[in-house]
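Trainee: This is the structure I have questions about; it appears just below.
Bear in mind that the values in this text are calculations on the coordinates, not laboratory data. Everything numeric in this text was worked out from a predicted model, so none of it was measured. Note that we place each Cβ from the backbone using ideal geometry, even for glycine, and neighbour counts take in every protein chain shown.
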2 protein chains.
Amino acid sequence: MKILVKVALSSLVVLGLTTTGLSAKTYKLKMAMSWKKTTPILAATALRAAELADEMSDGRLKIRVDGAEKHKAPFGIFDFVKQGLYDIGHTASYYYKGKDFKMVFFTTVPFGMTPNEQYSWYYEGGGKELAQKVYEKHGLLTFMGGNTGIQMGGWFKKEIKHLDDLKGLKFRIPGLGGEVMAKLGVNAVNIAPGELYMSLELGTIDAVEWVSPYFDTKLGLHKIAPFYYTAWQEPASELQFIINEKKFKKLPNDLQVILKSAFKVATFEMMQKANYQNALTWAKIKQDYPNIKVKTFSKEIIDALKVATKEIFDKEAKKDSLFKEILESQREYQKKAEAWTEISDKVYLQTR
Amino acid sequence: MKILVKVALSSLVVLGLTTTGLSAKTYKLKMAMSWKKTTPILAATALRAAELADEMSDGRLKIRVDGAEKHKAPFGIFDFVKQGLYDIGHTASYYYKGKDFKMVFFTTVPFGMTPNEQYSWYYEGGGKELAQKVYEKHGLLTFMGGNTGIQMGGWFKKEIKHLDDLKGLKFRIPGLGGEVMAKLGVNAVNIAPGELYMSLELGTIDAVEWVSPYFDTKLGLHKIAPFYYTAWQEPASELQFIINEKKFKKLPNDLQVILKSAFKVATFEMMQKANYQNALTWAKIKQDYPNIKVKTFSKEIIDALKVATKEIFDKEAKKDSLFKEILESQREYQKKAEAWTEISDKVYLQTR
């Protein structure tokens, strides 16, 4: 039987049941990002997820997105969401390796998988379930949040030819890459993005690892350090969405699926944006700054970096059985993925 | 004012207005695939999109998915959707190059972009708008529909060393790859998948290009043709969703965004699935069939294939201005993307 129901919408804004049983309640969530609202590509990913959730839910799922300029705690996202001050966070898992070293596995690791290999491991090879094991004890759900693509090894004022050239080098390289470099004698430091150009120009530091052409040139690094080294430390830097599990479970099922899909679409789109902007920027830099020299660390240095990386991981694996489980899961899949990449992508890039 | 509305759901199944103005009408669409419902990965992508649309819409968007075993026309999807016999199709654009040669650009082209480069071109570099220009005259909307990843060059019973070895070779390679090979003297043929193994075993054909390890080994090709050649002809084979524009526009805005997001999530997931299965399969084949030799065509052959590809494209560009526009758009972006890939992914694959 077909019945057309006409109601005065204004009298029914708070709660009702639709004819399909669909809850018409509006859910309002708050998301905190590690970046400013104006940070290109990264903030755009969080804002895109919020926009999609709004549109797909026909306005029933509203997400207010706050940047670091508002909440003032770029590395406090994890605690914000854990404590319920925010419902959702857009951040990078490895920022919280001080809380739990296992969190590095869900961003990227030195000499690790490429973005597509990492997505396969995460979505198909058990990575998602392992990530959730790490996050669940904090009452958090975790989702991938967009990839920057392969990150470059950094801008150096002088060429690095031998292991000796690294001894005492003042190099801005945070995180795991910094720890590995420190084992080779590098003076690894972290400096706020806003001070990087000046520090490099004044000689306070000798080199800077930031992201990739599009992001790096916004800081002007290419103007004062002509040696641009290729990637080893962050082959697939993935951001993440985290959400307070209790808040998530309060959403009806359709809005849960909408939110997860919004995260996934925004994640997929971010890598396309980053790759596109990097390609355009690199073409322009090559033209405008022909003096820039792209270099790859020598085999001697790369081998030493690999050994140092392995030492850090193996040491941690002895202390933490879940760390060991995740490490072995990644190593086992990466071995297979590399063999396939070897005869597919790698050969093709040499052939075309 | 808060009013709780309780209604007998059974009396309102067809059409109503929710308290947020959300239409509670159920929309039923039909999707036809070029593959059988049991075809792994490919069919799973269409079924996943339908499942997501259902869940995100809380059952208001129902998509019935029919495989080729039902509609009997794997290459008739374009006409089905154009004529409105089906609302949605899941197929590959290049199947319809006979109708319009421009359609090859939205699947993959010989020596073209990698999947991630192609996604960047499509979503960020104007590709989507160019695709729509080609499809709009047929009353169709087009969306990307999942990537198989780089496809291998095929299984050969004998090693191909020189251009002369290709002359008269009976090679199952359809599409544009076949046209290019034909220019080099190959007897390029198309044979139904179900007959490939037998044709190769009996010597009716000398070689078969199919997809990649996961798909190829299901046909058993690795058991009778030990030379496995690397990729050149399909570096980024993308499927597509097409939808009848009139049908799409009848959907309310939230369901339109839900459907597009469902397509995009399923698209993103497909490449992870294909890469994952290829990695696992290749690891197993290497172990079980150590006699298989991976080969790359010689520089002489690759150069000849490049020249033949360019000739086919340049000839067509003279006849069709929109073809020329798309070709130039792809070439211009690929040039930049290759320069970035050269110092990022390519070097990294050699370094790690």
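Trainee: Among A:Q256, A:Q233, A:Q330, determine the one that fluctuates most according to a GNM of chain A built with springs between C-alpha atoms less than 10 Å apart.
Mentor: Among A:Q256, A:Q233, A:Q330, the largest mean-square fluctuation in the Gaussian network model of chain A belongs to A:Q256.
Trainee: Moving to a separate point now. For helix B:127-136, what angle does its Cα long axis make with the longest principal axis of chain B, in degrees from 0 to 90 and rounded to 10?
Mentor: Helix B:127-136 sits at roughly 70 degrees to that axis.
Trainee: Given 25 °C and 0.890 mPa s, compute D for the stretch B:312-352 with the Stokes-Einstein relation, Rh being the Kirkwood radius over Cα pairs; round to the nearest whole µm²/s.
Mentor: Calculated translational D: 209 µm²/s.
Trainee: Also, quick follow-up: How large is ³J(HN,Hα) for each residue in the stretch A:100-114, as worked out from phi by the Karplus curve 6.51 cos²θ - 1.76 cosθ + 1.60 (θ = phi - 60°), to whole Hz, x for Gly and Pro?
Mentor: Karplus values, whole Hz, x for Gly and Pro: 7, 4, 5, 5, 5, 5, 9, 9, 4, 9, x, 6, x, 6, 6.
Trainee: Another question, then. Return the long-range amide H neighbours of A:L61 (sequence gap of 5 or more, or a different chain), with a cut-off of under 5 Å between placed amide H atoms.
Mentor: Residues meeting the criterion, in which the H sits 1.01 Å from N, are A:Y27.
Trainee: While we're on this one: At B:D79 and A:D303, where each label point lies 7 Å from the Cα along Cα→Cβ, what is the point-to-point distance in nanometres?
Mentor: Going from the B:D79 label point to the A:D303 one covers 6.4 nm.
Trainee: Here is a follow-up. Among B:L221, A:L184, A:L52, which comes first, second and so on when ranked by fewest other beta-carbon atoms within 10 Å?
Mentor: The order, fewest Cβ neighbours first, is A:L184, B:L221, A:L52.
Trainee: Per residue of A:325-337, how many C-beta atoms from partner chains lie within 10 Å of its own C-beta, taken as a mean?
Mentor: That average works out to 2.
Trainee: Is there a simple number for the mean count of other chain Cβ atoms within 10 Å of the Cβ of residues in A:279-286, and what is it?
Mentor: 6
Trainee: Given points 7 Å out from each Cα along the Cα-Cβ axis, report the A:K137 to B:D320 separation in nanometres with one decimal.
Mentor: 6.0
Trainee: Output the peptides B:322-328, B:172-178 sorted from most to least packed, where packing is the average of other Cβ atoms within 10 Å over each peptide's residues.
Mentor: Final packing ranking: B:172-178, B:322-328.
Trainee: Further question on the same structure: Compute the long axis of helix A:42-56 from its Cα atoms, compare it with the longest principal axis of the Cα atoms of chain A, and write down the angle in degrees, 0 to 90, nearest 10.
Mentor: 20
Trainee: I would also like to ask the following. For B:E342 paired with B:I224, estimate the spin-label separation in nm (one decimal), with each label point 7 Å from Cα along the Cα-to-Cβ line.
Mentor: Distance between label points: 4.4 nm.
Trainee: Okay, next question. By counting other Cβ atoms within 10 Å of each Cβ, how are B:K250, B:K264 ranked from fewest to most?
Mentor: So the ranking, lowest neighbour count to highest, is B:K250, B:K264.
Trainee: Roughly how compact is the stretch B:71-177, stated as its Cα Rg over 2.2 N^0.38 Å to two decimals?
Mentor: The value comes to 1.28.
Trainee: When all C-alpha to C-alpha distances in the stretch A:152-234 are sorted into bins of 5 Å, what percent of pairs does each bin hold, rounded to whole numbers?
Mentor: 3, 16, 30, 31, 16, 4, 0
Trainee: Per q in 0.12, 0.14 Å⁻¹, report the Debye log10 I(q)/I(0) for the stretch B:245-339, using one uniform scatterer on each alpha carbon and no solvent.
Mentor: Taking Cα atoms of the stretch B:245-339 as identical point scatterers yields -0.87, -1.02.
Trainee: Could I ask something else about it? Viscosity 1.002 mPa s, temperature 20 °C: what is the translational diffusion coefficient of the stretch A:182-282 from Stokes-Einstein with a Kirkwood Rh over Cα pairs, rounded to a whole number of µm²/s?
Mentor: Estimated via Stokes-Einstein, D reaches 127 µm²/s.
Trainee: Using just the alpha carbons, could you tell me how many Å³ per residue the convex hull of the protein assembly as shown encloses?
Mentor: 168
Trainee: If you don't mind, another one. How far is helix B:253-288 tilted off the main Cα axis of chain B, in degrees rounded to 10, range 0 to 90?
Mentor: 30
Trainee: Taking every Cα atom in chain A, find the radius of gyration and the maximum pairwise distance Dmax, and write them in Å.
Mentor: Radius of gyration, then largest Cα-Cα span, for chain A: 22.5, 84 Å.
Trainee: Would you give the gap between the C-alpha center of the stretch B:165-231 and the C-alpha center of the stretch B:115-142, rounded to a whole Å?
Mentor: After rounding, the separation between the Cα centres reads 30 Å.
Trainee: Quick one: which of A:K30/A:K264; B:K161/B:K346; A:K128/A:K264; A:K273/B:K82; A:K295/B:K346 span more than 20 angstrom between C-alpha atoms?
Mentor: Beyond 20 Å: B:K161/B:K346; A:K273/B:K82.
Trainee: Averaging sequence separations of C-alpha pairs under 8 Å and six or more residues apart, then dividing by the length of chain B, give the relative contact order as a whole percent.
Mentor: Result for chain B is 21 percent.
Trainee: If you count, for every residue in A:109-121, the Cβ atoms of partner chains within 10 Å of its Cβ, what is the mean?
Mentor: The shielding value for this peptide is 4.
Trainee: Next up: What list of ³J(HN,Hα) couplings, whole Hz, do you get for the stretch A:213-219 from phi and the Karplus terms 6.51, -1.76, 1.60, once you set θ to phi - 60° and write x for glycine and proline?
Mentor: x, 4, 6, 5, 6, 5, 8
Trainee: Next up: Which ³J(HN,Hα) values in Hz, rounded to whole numbers, follow from the phi angles of the stretch A:193-205 under the Karplus curve 6.51 cos²θ - 1.76 cosθ + 1.60, where θ = phi - 60° and Gly and Pro get x?
Mentor: So the Karplus estimates, Gly and Pro as x, are x, x, 9, 5, 4, 4, 4, 6, 5, 7, x, 4, 10 Hz.
Trainee: Across the stretch B:92-248, what fraction of all alpha-carbon pairs, as a whole percent, falls in each successive 10 Å bin from zero upward?
Mentor: Reading upward from the zero bin: 11, 37, 31, 17, 5, 0.
Trainee: Considering the zone a paramagnetic label at A:K36 would reach in this model (a point 7 Å from Cα along the Cα-to-Cβ line), which residues of the stretch A:120-153 have amide N under 17 Å from it?
Mentor: Answer for this model: none.
Trainee: Please rank A:F78, B:F101, fewest neighbouring Cβ atoms within 10 Å first, as an exposure proxy.
Mentor: Ascending Cβ contact count within 10 Å gives the list B:F101, A:F78.
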